[in-house]
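Please read the structure below before turning to the comments.
The values are calculated or read from the model by the stated rules, or taken from the named source; none is laboratory data. Keep in mind that this is a model prediction, so the values were computed, not measured. Here the Cβ positions follow ideal geometry from the backbone for every residue, glycine too, while neighbour counts run over all protein chains shown. Protein only, heavy atoms only, side chains kept; ligands, DNA and RNA dropped before computing areas. Shrake-Rupley method; radii C 1.70, N 1.55, O 1.52, S 1.80 Å.
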Amino acid sequence: MTVPEFPDTQDKNPDVAISLTKVGVTGVKKLLKLPRGENKRPIVLLPTFDAFVDLPSTQKGVHMSRNPEAISEVIEEATNENETHIENICANIVKRLLQKHEYAKNAEIHAKGEYVIHKKSPVTQKDTQETTQIIAKAIAHKDDDGNITVKKMIGAEVVGMTVCPCAQESVEEASKEKLEKFLDEQTLMKVLDAVTFASHNQRGIGTILLEVNEDQQVNVDDLIEIIQNSMSSQVCEILKRPDENRVVMNAHENPVFVEDCVRNMALGILEVYPDLDSDSQVTIKQVNQESIHQHNAFGEKITTFGQLKSEYMG
């Protein structure tokens, strides 16, 4: 069968000769099975991809179909590998984009999809599945000699629980004033030490995104654990009464501000991945969805790993 050829309108000169930073497609969904070596089940994801290239002032448009085509080709090739990671797939996609778009100097891709982890409830040990978000990005640049350099990023977005320290302290102080009326000082102090005081709670959403070089791997499960441990408590889809009690008590024994969550994540990165390249970009974000306000609390740290390490070490 002969495939008809049509003129490439995109190759014409534009009416307005201005270059564009990014042109491409968004919302491309693909089924992705990530092999994990022998005797291991593959990780199954349904990520959404956004893929872009830059456009010179001499080109009317990009060949848009080449973007989803590049995504499909690389994903199909990845299924034949023994083990791979989503950030490596993104790195290969941006290289493929620059091969297909010969007029482009820069290519960029974002991927985000649900990642299910298996865990047990804290007391009754009920099996449960928890949904997190896995994030991957890659950026490629082609120099005048045709050499391509790639930056890839891997990250996660995780839901947890936070308890407000400020409100908890005010509740404790108010309770202390009431208890002082009928308890001696020694008994009062024992009561204050033994009792966990109430506070208002937030649903916390923590995000980490790390830039890594092409030869370096970061385990997304490590990032998920760092985020979970940065908040007052992890959350769990299945909680019987003893589990619920444990989660609530643990959270109120570990109250944190949104600022604490960001700093805890930063410390976790330094401890788990002390050998990241010093110029690797680190993005940490926390959003606490307030229960007693209509607004939310927000905290963020964007830096390089070297700057983060230097700041912490003093």
Which numbered condition in (1) within 21 Å of Gly155 (Cβ to Cβ); (2) surrounded by 19 or more Cβ atoms within 10 Å (Cβ to Cβ) is the only one that Glu214 fails?
(2)
State whether one or more residues within region 47-69 are closer than 17 Å to Val116 by Cα and open to solvent by 80 Å² or more (accessible area, probe 1.4 Å).
no
Between a first residue in region 271-296 that is closer than 20 Å to Val256 by Cβ and a second residue that is of a type in the set (Asp, Glu) and open to solvent by less than 60 Å² (accessible area, probe 1.4 Å), which pairs have beta carbons less than 6 Å apart while being 6 or more apart in sequence or on different chains?
Val272/Asp222; Asn296/Glu290
Based on what the data block shows, is Ile75 farther than 14 Å from Ala138 by Cα and assigned to a helix (DSSP H, G or I)?
yes
Filter pass, Glu81 being over 15 Å from Lys29 (Cα atoms), in a loop (DSSP other than H, G, I, E, B) and under 25 Å from the mean Cα position of the chain (by Cα)
yes
When residues of region 78-112 are filtered for being open to solvent by 10 Å² or more (accessible area, probe 1.4 Å) and within 25 Å of Leu209 (Cβ to Cβ), how many remain?
13
Can you pull out every residue in region 264-314 that is touching a strand residue (DSSP E or B) at 6+ places or on another chain (Cβ under 7 Å), among the hydroxyl-bearing types (Ser, Thr, Tyr) and more than 21 Å from Ser232 (Cβ to Cβ)?
Ser278, Ser280, Thr283, Thr303, Thr304
Flagged in region 195-204 as surrounded by fewer than 20 Cβ atoms within 10 Å (Cβ to Cβ) and in contact with a strand residue (DSSP E or B) (Cβ under 6 Å, 6 or more places away or on another chain), in numbering order, are Arg203
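Which one is least open to solvent (accessible area, probe 1.4 Å) among residues in region 119-164 that are of a type in the set (D, E, K, R) and within 24 Å of Thr48 (Cβ to Cβ)?
Lys152
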Of a type in the set (S, T, N, Q), over 30 Å from Glu114 (Cα atoms), out of contact with any helix residue (DSSP H, G or I) (no Cβ under 9 Å at 6 or more places or on another chain) and at pLDDT below 95, is that true of Asn250?
no
Looking at this structure, is Glu311 acidic (Asp, Glu) and more than 30 Å from Val171 (Cα to Cα)?
yes
Hand me the list of strands (runs of 3 or more DSSP E) wholly inside region 10-65 holding 2 or more residues that are modelled with pLDDT under 85.
32-34
